[in-house]
Amino acid sequence: MSLHAIAPSRQSLADYKELLKRVRATIAAGKERALEAVERESVRTKWEVGKLIQEHILLNKARAEYGRRVIERLSGDLGISKSELNRIVEFGGNRGQVTRSFGTGNLSPVSTARKSRPAKGRGPNELWSVS
């Protein structure tokens with residue numbers, strides 16, 4: 001969106017109520033964009049972390065139980081639960097197909113979702129788990 005497209009005319013800014021309305025709308029839109037960016041980067045980070053861990057485990061697959069032990073160690077060192085790390089690793093191997101568990105913010109691959117259906121306002125390829 002160009003700055004010119006959101007720039008109000010001098011006439012519309014002459015009215016304080018219009019100014020207040022536009023400032024509030026601009027602040028709300030900025031907050032929404034910021035939240036979307038944070039969510040997008042959070043998903044990307046979890047996918048990248050999952051890929052890193054998965055690749056590390058695969059490089060060490062000759063050693064029995066290595067994957068379980070590395071998850072336990074990372075859990076302690078990072079302060080992230082083992083179950084969350086396991087979800088992140090599984091997500092990293094799913095080529096980005098993801099569902100969101102409502103109310104928890106946890107990500108889980110489509111293949112592990114208990115029930116999946118398109119959420120209201122989402123396309124059929126954007127599945128969200130219903131827990």
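Set side by side, the residues 68, 73 differ, and just one is over 23 Å from the mean Cα position of the chain (by Cα), at pLDDT below 95 and part of a helix (DSSP H, G or I), which is 68. Going through 80, 27 one at a time, which residue ends up being at pLDDT 95 or above, assigned to a loop (DSSP other than H, G, I, E, B) and of a type outside the set (Asp, Glu)? On inspection, the qualifying residue turns out to be 80.
Among the residues of the stretch 97-115, is any in a loop (DSSP other than H, G, I, E, B), at pLDDT 50 or above and loosely packed, with under 15 Cβ neighbours inside 10 Å? Yes, the conditions are met somewhere in the stretch 97-115.
The values are calculated or read from the model by the stated rules, or taken from the named source; none is laboratory data. Remember, predicted model here, so these are calculated numbers, not experimental data. FYI the Cβ positions are ideal-geometry reconstructions off the backbone, even for glycines, and counts take in every protein chain you see.
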